[in-house]
Every structure is written in C-alpha cells, then in structure tokens.
Amino acid sequence: MKMEYKLLGNTGVKVSRLCMGTMTFGKEADKNASVAIFRRCREVGINFFDCANSYVGGESERILGELIRDCRDDIVITTKVFNRVGADINAGGTSRRHIMASVEQSLKRLNTDHIDLYFLHHFDKDTEMEDSLRALDDLVKQGKILYPAASNYASWQIMKAQAISMRAGWSPFRCIQPMYNLLKRQAEVEILPMAASEKLGVITYGPLAGGLLTGKYLQAVSTGRFIENKTYPKRYDGAQIQETIREFMQFAEEHGYRAAALAVAWVSHHPAVTAPIIGARSAEQLEDSLKALEIDMTPELYQQIGGLSVAPPLASDR
C-alpha cells in the first residue's frame with residue numbers, strides 16, 4: 001500500500017491522494033477510535049485532514065488539534081466557517097464579523113497558529129461576497145490562514161468570487177470541495193472542468209455516497225447515516241440510484257474488489273480531483289477505503305465503472 005502525493009492546484013503544496021475527513025471525530029468515533037484512525041492514516045502516509053468548526057460543536061477540531069500537536073509541520077489541515085455554531089443570532093454565515101470570530105475559535109481548538117485551507121462551507125446569500133472575500137484576504141495577510149477555499153459552491157459562484165478577488169488584488173480561492181461520487185455526478189458538468197481550467201485543488205466529499213456504495217444498506221442495519229440522518233435518504237432517492245447500487249455491487253463482487261475501495265478509487269481517478277475525502281467510525285472501517293490505494297484504475301476499468309451510472313448531460317445540453 002504505497003501512498004502517492006499530488007500537487008494541490010497551483011499552490012505548490014503536495015498532499016496525499018486521500019484526504020481524511022474528521023466529521024466522525026468526537027461523535028461516531030470516540031477519542032480512542034479517533035486516535036487509532038489518525039495513527040493508521042499516518043502509517044500509510046496520509047498528510048491531509050479535513051475538518052469544520054461545526055463538526056460535533058467544535059469537538060472534532062479539538063481532537064484533531066491534539067492529534068497533530070507533535071507533527072503539525074508535516075500535516076495539511078482544513079477547516080470551515082458558515083454553519084451555525086452557537087445560539088447568538090449572528091453565530092453563522094460568512095459575514096466578516098462571523099469569519100473573524102470563528103477563525104480565532106478554530107485556531108484555538110486546533111492548537112495551531114495557522115490553518116492551511118480555510119473554507120467558506122456554503123454560499124451565503126445574505127452576505128455581500130466582497131465582505132467575505134476581503135475578510136479571507138485579511139486573514140491571509142495576518143498569517144492565520146494560508147489559502148482561502150470554497151465548499152458547496154456552484155461554478156458560477158466560484159468564478160464570480162475569483163473575478164472579485166482578482167480585481168481587488170486579494171487572495172483567491174485555491175481549492176474547492178464539491179460532493180462527487182458514482183451516484184452524484186453533477187460536478188462533472190461544470191465544477192470539475194472549471195477547476196481543471198483554473199488550476200484549483202479539488203477535494204471531493206461523499207465518495208461512498210453516505211455508505212450506499214459499500215452495500216451495507218442492502219441488508220438490514222440499525223446504524224449508519226441513512227438511519228441517523230434524514231438528509232441522506234432524500235439526497236439519494238430514486239429507482240435509478242438503487243439500480244446503480246445493485247449493478248455496482250455485482251460488478252465489484254464479480255471482479256474481486258471491495259466495493260468501498262472501488263468507489264473511492266473511481267473518484268480519485270478523475271483528472272480534476274486532487275483527493276477524495278474518506279471517513280470512518282473506526283480504524284477497522286477505514287481499511288476498506290485505504291484499499292483504494294491498491295487498485296490499478298486502468299482507463300478500461302474507469303470507463304466500465306462510470307458506465308454503471310447515468311452521466312449528466314453537458315453544460316450546453318446538446
């Protein structure tokens with residue numbers, strides 16, 4: 001199991017081809033499980049960890065901060081701002097006020113003096129984009145963040161932000177974080193081509209579609225995101241999706257692959273993707289995703305897997 005490293009857009013920073021998501025740290029993965037997951041990641045060469053200030057009320061950041069204490073210079077970390085993190089009426093969004101307060105809280109929880117990638121977690125329709133971008137640029141100048149980034153933005157929102165930053169001479173977005181997997185391929189239409197053209201880093205979330213592409217929900221289970229979070233059944237509803245899952249599971253079994261590994265490897269192979277974000281509740285569960293590193297994703301295999309789902313139409317819809 002050999003780790004490969006890729007350039008993060010045009011930053012010159014090299015990151016592992018898998019990024020470890022820490023959303024489970026402090027929740028599904030308790031402190032001991034989080035330690036075991038982190039250690040296993042480091043053993044295989046993962047140097048890239050994704051977080052957010054809203055994960056488990058800040059507990060995920062606190063745990064990650066403890067784990068990176070002795071290896072901070074070797075680690076690339078991200079965190080985010082937007083989701084509500086308190087009872088106050090202004091404890092959310094991407095206003096300058098909230099960004100400036102949130103970054104200080106994240107720095108403290110992460111036990112670091114800088115954040116490598118600071119994501120605007122969602123597009124904020126209530127805040128002038130210039131205010132958010134100016135705040136990020138100020139944080140870059142202060143050395144508190146190194147690279148601004150955007151998560152869950154449409155391609156037009158990203159390009160509008162880049163144009164504003166370019167005109168103002170501010171630090172632009174250097175990385176984006178869209179959802180992308182075999183069941184949800186909308187990013188192929190505009191977001192991924194745009195990222196490749198603009199040389200943006202891309203870390204995609206949800207490569208296993210909330211666990212659907214592991215096959216676990218084809219059996220009776222009592223735990224998992226589709227049981228605990230109503231968002232996931234709505235996101236992945238429809239007969240076509242169910243058919244794709246069945247065909248994918250059959251393909252993986254017939255060809256001797258672990259389904260989770262194959263799903264992660266397929267996402268990772270897209271030329272615009274820097275690293276898919278993987279997640280786990282335990283070190284044991286992590287192993288299936290790590291097996292993606294052992295799969296030789298040939299062009300033929302990549303096309304075969306892609307053919308199991310319906311590719312979205314081109315942006316011009318011709």
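State whether the residues of the range 121-130 include one that is among the β-branched types (Val, Ile, Thr), crowded, with 18+ Cβ neighbours inside 10 Å, in contact with a His (Cβ under 9 Å, 6 or more places away or on another chain) and part of a strand (DSSP E or B). Among the residues of the range 121-130, not one is among the β-branched types (Val, Ile, Thr), crowded, with 18+ Cβ neighbours inside 10 Å, in contact with a His (Cβ under 9 Å, 6 or more places away or on another chain) and part of a strand (DSSP E or B), which makes the answer no.
The criterion of being surrounded by 23 or more Cβ atoms within 10 Å (Cβ to Cβ) and in a helix (DSSP H, G or I) holds for Leu133. Could you check, for the range 80-97, whether at least one of its residues is in contact (Cβ under 8 Å) with a residue 24 or more places away in the chain and over 20 Å from the mean Cα position of the chain (by Cα)? Yes, that holds for at least one residue. In the range 34-61, of all residues being under 17 Å from His114 (Cβ atoms) and not hydrophobic (A, V, I, L, M, F, W, C), the one that is surrounded by the fewest Cβ atoms within 10 Å (Cβ to Cβ) corresponds to Asn47. Pairs linking a residue in the range 118-133 that is closer than 21 Å to Leu107 by Cβ and at pLDDT below 95 to a residue that is surrounded by fewer than 15 Cβ atoms within 10 Å (Cβ to Cβ) and of a type in the set (Ser, Thr, Tyr), with Cβ atoms under 6 Å and 6 or more positions apart or on different chains, do not occur.
Could you please find all residues in the range 292-313 being in contact (Cβ under 8 Å) with a residue 60 or more places away in the chain and either farther than 14 Å from Phe251 by Cα or touching a Ser or Thr at 6+ places or on another chain (Cβ under 6 Å) (or both)? The answer is Ala292, Leu293, Glu294, Leu308, Ser309, Val310, Ala311, Pro312, Pro313. Is the range 16-24 home to any residue that is among the aliphatic types (A, V, I, L, M), assigned to a loop (DSSP other than H, G, I, E, B) and out of contact with any strand residue (DSSP E or B) (no Cβ under 7 Å at 6 or more places or on another chain)? Yes, that holds for at least one residue.
Within the range 67-99, the set of residues being part of a helix (DSSP H, G or I) and touching an Asp or Glu at 6+ places or on another chain (Cβ under 7 Å) comprises just one member, Arg96.
Residues of the range 1-33 that are crowded, with 20+ Cβ neighbours inside 10 Å and of a type in the set (A, V, I, L, M, F, W, C): Leu8, Val13, Val15, Leu18, Cys19, Met20, Phe25, Ala29, Ala33.
Please return the ranges of helices (runs of 4 or more DSSP H) entirely within the range 185-301 where 2 or more residues are in contact with a Lys or Arg (Cβ under 8 Å, 6 or more places away or on another chain) and at pLDDT 95 or above.
Ranges flagged: 259-269, 283-290.
Filtering the range 34-48 for residues that are among the charged types (D, E, K, R), assigned to a loop (DSSP other than H, G, I, E, B) and either within 20 Å of Val103 (Cβ to Cβ) or in contact (Cβ under 8 Å) with a residue 40 or more places away in the chain (or both) leaves an empty set.
Summed over the range 79-103, residues that are of a type in the set (Asp, Glu) and at pLDDT 95 or above total 0. Each residue in the range 153-183 was checked for being part of a loop (DSSP other than H, G, I, E, B) and either surrounded by fewer than 19 Cβ atoms within 10 Å (Cβ to Cβ) or among the hydrophobic types (A, V, I, L, M, F, W, C) (or both), and 7 pass.
The values are calculated or read from the model by the stated rules, or taken from the named source; none is laboratory data. Note that the structure is predicted; figures quoted are calculated from it, not measured. Quick reminder, even Gly has a Cβ in these numbers, built from the backbone with ideal geometry, and neighbours come from all protein chains shown.
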